[in-house]
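Worksheet for the structure shown next.
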Amino acid sequence: MPLKISKYQLGAISDIVRLYPHGAAIRDLLESPALNIPKRTLQRQLEHLVSEGRLEPKGVGRARRYLFLESRTSVREDSPSVSHGSEWLSPEAARIRESILRPLAQRTPVGYRGAFLDAYHPNKTFYLPSSMRSDLARLGQVSFEELPPGTYVRQFLQRLLIDLSWNSSRLEGNTYSLLETEHLIECGEGAEGKPPEETQMILNHKSAIEMLAEQADGIGFNRHTICNIHALLSDNLLPNPASCGLIRTRPVGISGTVFHPLAVPQMIEENFDAILLKAQAIQDPFEQAFFVMVHLPYLQPFEDVNKRVSRLAANIPLIRRNLCPLSFIDVEQKDYIGGLLGIYELNRHEYLRDVFEFAYRRSCARYSAVRQSLGTPDPFRLKYRASISETVREIVQKKMSKSVALDFSNQVAAEKIPKSEWKKFMETIEMELCGIHPGNIVRHRLRLSELESWKAIWQ
């Protein structure tokens, strides 16, 4: 009596073959984390699919490949309906989406596959095609390349704080509206009726983004930066506060997927270091950004908040090179999560890649408009932004009078500014102090109480 062949397993094989436009070899299927069957069983099932007209074999021996026959294959009764609302998805991404939308019971459980990371060789392997990288570079360039890291993003930091905090939190299921997020960030007042953890999530994003912008010349793909991003994003959100910023030592699970993250602490540590080393070595900023969006969530190095860490970490190379930041504007949760499921369950990056490209194009359009509304920036202010802000902040926080502030500003100029630009620096400090008000103190990282105390002396 012939062995019964599972229709679900046949469907899984077909889904994987569809991901290879030029055909899948048996070795491709055996390496897929979504399948866990012996080679002889796989060969028998492939021939069954060929006999049904669902696959077409090409070549012989080791060169034999199997092509998916789109036109002759009807939709399986056990496949869920697939929404076609994301017209920007490539055919490869659409096939991944169809595969991960199947019910959990029809998807093969998989674990962390170290070979996925091992197969990536910086500056030789590329997840983003050359044409895409060139196109994104053209869109993201803002002619600030020669200025210190973070100059561009600090020009409209307040807008980015709102956009990225809201969109990244929204992708986690946060129910704050954009206006409520704006009010929280600008006034420090939470929205009525919202859970405290949602308010905390947004405030944590604000703190982490400010760190990336203010410390742009010191951030990078190293433990210090990534662990501190996690510490800020997870503050007051984890059951054990000591877990903030620490690599996990216990197993974790992810709902809505058949993927089981790595559980051995030593291997988590080793793979985390390997990810950072490879990320550091990548030269292209967009490839670098996307690489960490793929591998940090896949490893799940922290007890929670891994996706948030990866989204902010993706901005590190963009901020450092004064490129347009990535704020995930208009990205739907189903597409972002779907892209990650493609990574988790199939080790296929095309769906998430398309989400990344779409998100970056939308971000570029957004900040191009914001930049136009701000007008042409003053090159002097951009060049000495940090010194200007630090001087203003210290004058206010130390409650300096006008005469003391003048002496202090002269001292700063003598230490940090070329003599030919002292006069311009002093004039700029004076203008900043005269124009400071509750609505713009955030750019100098001042509190309202500090401003009010200083005003009483200044006036």
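The values are calculated or read from the model by the stated rules, or taken from the named source; none is laboratory data. All of these numbers come straight from a predicted model, not from anything done at the bench. FYI the Cβ positions are ideal-geometry reconstructions off the backbone, even for glycines, and counts take in every protein chain you see.
Quick grid of which residues meet (1) part of a strand (DSSP E or B); (2) charged (D, E, K, R); (3) at positive phi; (4) modelled with pLDDT under 85:
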site	(1), (2), (3), (4)
2	no, no, no, yes
5	no, no, no, yes
8	no, no, no, yes
11	no, no, no, yes
20	no, no, no, yes
28	no, yes, no, yes
36	no, no, no, yes
42	no, no, no, no
49	no, no, no, no
**Study point:** Top-ranked residue of segment 316-340 - restricted to ones that are in contact with a Pro (Cβ under 9 Å, 6 or more places away or on another chain) and over 24 Å from residue 118 (Cα atoms), ranked as surrounded by the fewest Cβ atoms within 10 Å (Cβ to Cβ)
**Key:** 321
Review point. Quick one: what pairs do we get from segment 255-267, first residue closer than 11 Å to residue 344 by Cα, second in a loop (DSSP other than H, G, I, E, B), C-beta under 7 Å, 6+ apart or different chains?
Key: 258/107; 258/108; 258/109; 260/109; 261/112; 261/252; 261/254; 261/300
Review point. Across segment 405-442, what is the number of residues that are modelled with pLDDT under 85 and surrounded by 17 or more Cβ atoms within 10 Å (Cβ to Cβ)?
Key: 1
Exercise for review: Any residue in segment 118-129 that's small (Gly, Ala, Ser): show its pairings with residues that are part of a loop (DSSP other than H, G, I, E, B) at Cβ separation under 8 Å, as long as the two are six or more apart or on different chains.
Suggested key: 119/125
Review point. (1) buried (at least 22 other Cβ atoms within 10 Å of the Cβ); (2) out of contact with any helix residue (DSSP H, G or I) (no Cβ under 8 Å at 6 or more places or on another chain); (3) not hydrophobic (A, V, I, L, M, F, W, C): which one isn't true of residue 165, the others all being true?
Key: (2)
Check your understanding: Restricted to segment 393-404, and to residues that are within 37 Å of the chain's Cα centre (by Cα) and of a type outside the set (D, E, K, R), which residue is surrounded by the fewest Cβ atoms within 10 Å (Cβ to Cβ)?
Key -> 397
Check your understanding: How many residues are in contact (Cβ under 8 Å) with a residue 24 or more places away in the chain and under 11 Å from residue 17 (Cβ atoms) when one looks only at segment 46-62?
Key -> 4
Practice item. Find all pairs meeting these conditions: Cβ atoms under 8 angstrom apart; at least six residues apart or on different chains; first residue within segment 425-441 and over 19 Å from residue 453 (Cβ atoms); second residue assigned to a loop (DSSP other than H, G, I, E, B). Key: 425/384; 425/417; 428/384
Review point. Looking at segment 240-262, is at least one residue among the aliphatic types (A, V, I, L, M) and in contact with a strand residue (DSSP E or B) (Cβ under 7 Å, 6 or more places away or on another chain)?
Key: yes
Point to revise | Selected residue (only one of 355, 412, 442 is closer than 30 Å to residue 252 by Cβ and hydrophobic (A, V, I, L, M, F, W, C)) | key: 355
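Yes/no matrix, rows are residues, columns are (1) of a type in the set (D, E, K, R); (2) within 10 Å of the chain's Cα centre (by Cα); (3) within 18 Å of residue 219 (Cβ to Cβ):
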| residue | (1), (2), (3) |
| --- | --- |
| 266 | no, no, no |
| 275 | no, no, yes |
| 296 | no, yes, yes |
| 319 | no, no, yes |
| 325 | no, no, yes |
| 329 | no, no, no |
Practice item. Identify the residue in segment 279-317 that is among the polar types (S, T, N, Q) and in a helix (DSSP H, G or I) and, among all such residues, is nearest to residue 230 (Cα to Cα). Key: 306
Review point. Can you name every residue in segment 178-227 that is outside any helix (DSSP H, G or I), buried (at least 18 other Cβ atoms within 10 Å of the Cβ) and under 16 Å from the mean Cα position of the chain (by Cα)?
Key: 219, 221
**Study point:** Candidate set from segment 228-239 (those that are part of a helix (DSSP H, G or I) and in contact with a helix residue (DSSP H, G or I) (Cβ under 6 Å, 6 or more places away or on another chain)); member that is farthest from residue 155 (Cα to Cα)
**Key:** 230
Study note, to complete from the structure: Of the residues in segment 228-255, those that are within 21 Å of the chain's Cα centre (by Cα), surrounded by fewer than 14 Cβ atoms within 10 Å (Cβ to Cβ) and β-branched (Val, Ile, Thr) number 0
